[in-house]
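The values are calculated or read from the model by the stated rules, or taken from the named source; none is laboratory data. Just so it is clear, the model here is predicted, and its values are computed rather than measured. FYI the Cβ positions are ideal-geometry reconstructions off the backbone, even for glycines, and counts take in every protein chain you see.
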Amino acid sequence: MTDDEKYLQELLAKEAAGELKPSERFKIPAQDMPTQDGVARRSNINEVAEGYTELEARLEAMRCLRCKTAPCIKGCPVKIRIDDFVGAIAQGQYDEALAIIKENSLLPAVCGRVCPQEVQCQETCTVGKKFKDPTQGVSIGRLERFVADRDTGDGSVPKVAPPTGKKVAIIGSGPGGIVVAADTRRAGHDVTVFEAFHKPGGVMVYGIPEFRLPKAIVQDEIDVLTKMGVEIVCNFVVGRTRTIEQLMNEDGFDAVYIGVGAGLPRFMGIDGEHLVGVYSANEYLTRANLMKAYKFGEGSDTPIAMSKKVAVLGGGNVAMDSARTAVRLGAEKVYLVYRRSEKEMPARIEEVHHAKEEGIEFCILQNPKRILGDDEGYVVGMECLKYELGEPDDSGRRRPVPIEGSEFTIDVDTVIVAIGNSANPLIGQTTPGLELNKWGNIVVDEKCKTSLDGVYAGGDIVLGAATVILAMGQGRTAAAAMNEYLAG
Amino acid sequence: MIDVEAALVARARKPGQFVIIGVSDDYGERVPLTIAGVDAEKGTIRLIFQRVGKTTAEMADMKVGSDLGYVAGPLGNPTHIEKFGTVVCVGGGIGNAPLLPIATAMKAAGNELISILGARTKELVILEDEFAAISDELVVITDDGSHGRKGLVTEPLKEICQRKPQPDLVVVIGPAIMMKFCCETTRPFGVHTEVSLNTIMVDGTGMCGGCRVEVGGKTKFVCVDGPEFDGHEVNFDLMMRRLGAYKAQEQRAHEQYKEHRCKIGLDD
Ligand SMILES: Cc1cc2nc3c(=O)[nH]c(=O)nc-3n(C[C@H](O)[C@H](O)[C@H](O)COP(=O)(O)OP(=O)(O)OC[C@H]3O[C@@H](n4cnc5c(N)ncnc54)[C@H](O)[C@@H]3O)c2cc1C
Ligand code: SF4
Ligand code: FES
């Protein structure tokens, strides 16, 4: 037995005897996540975070105080019984832990990897509070991933109720769509998912890169749907191939869920954005992920610029993913240009950390003024301005203000714009009577119902750019309302 | 030219729309192609394309009955068809293919139809008979004079614009450079000129922004705002640069494809 194993046994024995004091739990070192070497991973696309071992997971779980009020649950958008599942892991009852998570979340292997835990469950964790550092709280996300990954799938597929004769159409196969498909299918409805792309999975396959969320995990979830009898139709663009009106009036669908995600990428509106070598993050990542551009010339034939010096604009997850993808595609120098300070970056802390380890240069409090091109219209550089933080703005964050005369130029051949998206206009344009807000997002009530009867919506098309877990949460709400509507 | 079974697309498509195709279901290039025609009964659509990159070369080499990876569509907004009066349809090379359904619909809506078909040389003039059958007036013109008039499409276009009364609408589909010069030709006459843009595309649903063009000083997205725009407002220079973006890499993928075929003993 190793020392750590002995340590765990001692802790367990004390706990069983009711003698394990909080002070002793605080002494258990926070377990680090094993990761691929920072240099080696620059040239592969394998997952960076490798996941806890059993021993690490149980030790980490022992750090949880099982607080009576469980403040972590309040931070969880879908209210997973966190204290209970973490307790089950400490006891080595992994199936039990997974069952507890699955009561509320259908995609634990995904959420464990991509949720911004430090601003959700882990932000409010008592252990983190004690150390005055949310990253020192119980690593709830890593534990969630641990049990989800151990679930090798005994082949069991959720039970499906007898056929109701009702037909449900789901538009978009992102996390929201997947959850609605599972929940409505379980109720016995005939469910079809329509996806515009040639691969299902939404942002989880064409946005978030392999090194952060392996495609196989998403594929497993899709396979479960298929086994449950959900039909998935790819290359079907609702609004063009068929409109929602046609699906409902001519094709016999009784209810529809719209989960088409975020839409048109925003650009800065500066000079040079039409130059060759300027991409939206969506285009860049889609080319790289869905079409495996990183294998260009060996079986995959998406043309993507072989960039050497790359500037990524933005500070969110999308910006981190773009920068880290550029590194893996062979860029020698990658700058991440963000106009606020690092503290304000909306990206997950872990991604910021990994990006730095991979050699990405953070240029904070800077913003581009224009992109420079050569005679043939290729990007050759970017002129930036330095910024400083001024008074707080509406969001409570200090507003960055440009420092006059601070212009300087960086030498780049590629610029990736990752400053957000506006709403996808296609469904709105082709669905009369569907109420949109002034930004073009679909308006829904607390049950995720739209202004049209039988039509529900959720995820990024409703919330603007949100998260996987929020899309999933809305999917659950919508599915419950749809099942109720179809039963009535 | 190929006919592809895609019943839903065939049923929904209207003149002016396009599809995105890919030859392998897994990973590979997604290529936007305009729809040249449709057989609603058979549920097929007709795609006409030139071998330019690897994907189109693979498609051209397909045998009848083989599976194309996938077809998504129809995409883009349909052409606005109504009775304008006199409509001039100008097609350049392969652009005649998507132009034909538009010209046919314009004629059916009661317009007087003048068609101008241009190409480099005789062999590249396509669909001439089809246009002849529907046009009130047809001009064929080739760069080398091997067929029809010798010269560029802008010459007959200018003559037609000089007529009294002027044509009410000009529709141009062809290479970017040709559309640009047609727009320059009609601009002084103030004749409204619609062009159909064929940009780089990835998703075709308004997600990636790869298809962005500058129209009237604003960024527009061809897949959701287009593909047709007021040609006098389009910044063709920017668009042509962006179209050039992937030339070199496409060439490389195409070369490798050819090499691969040689190795397995096929000719190209
Ligand atoms: C690069 C990147 C990194 C991210 N990182 C994180 C992260 O770390 N953590 C996190 O929580 N969130 C992250 N997000 C956000 C998260 O992925 C989204 O909030 C979430 O996926 C939204 O889910 P959704 O159900 O709205 O659908 P989406 O995942 O957006 O999927 C929508 C699907 O609908 C399809 N579609 C669109 N229009 C049509 C149509 N007309 N007909 C048919 N199908 C259509 C699309 O092709 C797509 O597959 C990231 C996003 C990106 C882009
Ligand atoms: S807040 Fe932290 S310590 Fe308390 S129950 Fe939740 S995970 Fe455990
Ligand atoms: S093709 Fe992606 S936005 Fe138009």
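Just the residues that are among the polar types (S, T, N, Q) and over 20 Å from A:Glu47 (Cβ atoms), please, taken from segment A:314-367. Listed by number, the residues that qualify are A:Ser341, A:Gln366, A:Asn367. Figure legend. Inter-residue proximity from segment B:61-79: first residues within 13 Å of chain A (Cβ to nearest Cβ), second residues at pLDDT below 70, beta-carbon distance below 7 Å, spacing 6+ or different chains. Indicated pairs: B:Gly69/B:Ser24; B:Gly69/B:Asp25; B:Tyr70/B:Asp25.
Yes/no matrix, rows are residues, columns are (1) among the aliphatic types (A, V, I, L, M); (2) within 11 Å of ligand 1 (Cβ to nearest atom):
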position: A:Gly207; (1), (2): no, yes
position: A:Asp220; (1), (2): no, no
position: A:Phe236; (1), (2): no, yes
position: A:Thr241; (1), (2): no, yes
position: A:Met248; (1), (2): yes, no
position: A:Gly263; (1), (2): no, yes
position: A:Arg266; (1), (2): no, no
position: A:Ile270; (1), (2): yes, no
position: A:Tyr279; (1), (2): no, no
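Applying the condition of being aliphatic (A, V, I, L, M) and within 16 Å of ligand 3 (Cβ to nearest atom) to segment B:164-204 and asking which residue is farthest from B:Met239 (Cα to Cα) yields B:Val202. Just one of the listed residues (B:Arg30, B:Arg51) is at pLDDT below 75 and within 23 Å of A:Arg287 (Cβ to Cβ), and it is B:Arg51. The residues listed here are A:Ala262, A:Ala255; of these, the one that is more than 7 Å from chain B (Cβ to nearest Cβ) and modelled with pLDDT under 95 is A:Ala262. Among (1) within 16 Å of ligand 3 (Cβ to nearest atom); (2) more than 14 Å from chain B (Cβ to nearest Cβ), which single condition is A:His198 missing? With (1) within 16 Å of ligand 3 (Cβ to nearest atom); (2) more than 14 Å from chain B (Cβ to nearest Cβ) applied to A:His198, the lone miss is (2). Would you confirm, using the coordinates I've provided, whether A:Ala16 is surrounded by 13 or more Cβ atoms within 10 Å (Cβ to Cβ) and of a type in the set (A, V, I, L, M)? Here the answer is no, as A:Ala16 does not meet what is asked.
What is the residue count in segment B:190-224 for residues that are part of a strand (DSSP E or B) and either without any contact (Cβ under 8 Å) to a residue 40 or more places away in the chain or crowded, with 24+ Cβ neighbours inside 10 Å (or both)?
Applying the first criterion (part of a strand (DSSP E or B)) to segment B:190-224 yields B:193-196, B:212-215, B:218-221.
Subset that is either without any contact (Cβ under 8 Å) to a residue 40 or more places away in the chain or crowded, with 24+ Cβ neighbours inside 10 Å (or both): B:193, B:195-196, B:212-215, B:218-221.
Summing the residues that are part of a strand (DSSP E or B) and either without any contact (Cβ under 8 Å) to a residue 40 or more places away in the chain or crowded, with 24+ Cβ neighbours inside 10 Å (or both) in segment B:190-224 gives 11.
Restricting A:Glu446, A:Glu484, A:Glu435 to those that are acidic (Asp, Glu), over 25 Å from the mean Cα position of the chain (by Cα) and farther than 18 Å from A:Ala187 by Cβ reduces the list to A:Glu435.
Residue under question is A:Leu59, and the condition is that it be in a helix (DSSP H, G or I) and more than 29 Å from A:Glu357 (Cα to Cα); does it hold?
no
If I filter segment A:58-71 for residues that are within 21 Å of the chain's Cα centre (by Cα) and within 16 Å of ligand 2 (Cβ to nearest atom), do I get at least one hit? No; the residues of segment A:58-71 include none that is within 21 Å of the chain's Cα centre (by Cα) and within 16 Å of ligand 2 (Cβ to nearest atom).
Looking only at segment B:229-237, decide whether some residue is assigned to a loop (DSSP other than H, G, I, E, B), under 22 Å from A:Gly263 (Cβ atoms) and within 12 Å of chain A (Cβ to nearest Cβ). Checking segment B:229-237: not a single residue is assigned to a loop (DSSP other than H, G, I, E, B), under 22 Å from A:Gly263 (Cβ atoms) and within 12 Å of chain A (Cβ to nearest Cβ).
Find the residue count for segment B:144-189, including only residues that are in a loop (DSSP other than H, G, I, E, B) and aliphatic (A, V, I, L, M).
Restricting attention to segment B:144-189, the residues satisfying the condition of being in a loop (DSSP other than H, G, I, E, B) are B:144-148, B:151-153, B:163-168, B:174-175.
Applying the additional criterion that residues be aliphatic (A, V, I, L, M) yields B:152-153.
Selection size over segment B:144-189: 2.
For segment A:48-75, a residue qualifies if it is of a type outside the set (Gly, Ala, Ser) and at positive phi, and exactly one does: A:Arg66. Being under 18 Å from the mean Cα position of the chain (by Cα) and within 16 Å of ligand 2 (Cβ to nearest atom) is a description that applies to A:Gln122.
Table: residues versus (1) out of contact with any helix residue (DSSP H, G or I) (no Cβ under 6 Å at 6 or more places or on another chain); (2) surrounded by 20 or more Cβ atoms within 10 Å (Cβ to Cβ); (3) facing another protein chain (nearest Cβ under 7 Å).
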residue	(1), (2), (3)
A:Thr226	yes, no, no
A:Gly229	yes, no, no
A:Val237	yes, yes, yes
A:Gly269	yes, no, no
A:Gly272	yes, yes, no
A:Ala281	no, yes, no
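Scanning segment A:136-185 for residues that are hydroxyl-bearing (Ser, Thr, Tyr) and without any contact (Cβ under 8 Å) to a residue 12 or more places away in the chain yields A:Thr152, A:Ser156. Tell me, please, whether a residue that is closer than 30 Å to B:Ala6 by Cβ, hydrophobic (A, V, I, L, M, F, W, C) and either more than 16 Å from ligand 2 (Cβ to nearest atom) or within 14 Å of chain B (Cβ to nearest Cβ) (or both) can be found in segment A:148-163. Checked against the condition, which is being closer than 30 Å to B:Ala6 by Cβ, hydrophobic (A, V, I, L, M, F, W, C) and either more than 16 Å from ligand 2 (Cβ to nearest atom) or within 14 Å of chain B (Cβ to nearest Cβ) (or both), segment A:148-163 yields no hits at all. Identify all residues within segment B:73-118 that are at positive phi, under 14 Å from the mean Cα position of the chain (by Cα) and in a loop (DSSP other than H, G, I, E, B); write none if there are none. Across segment B:73-118, the qualifying residue is only B:Gly76.
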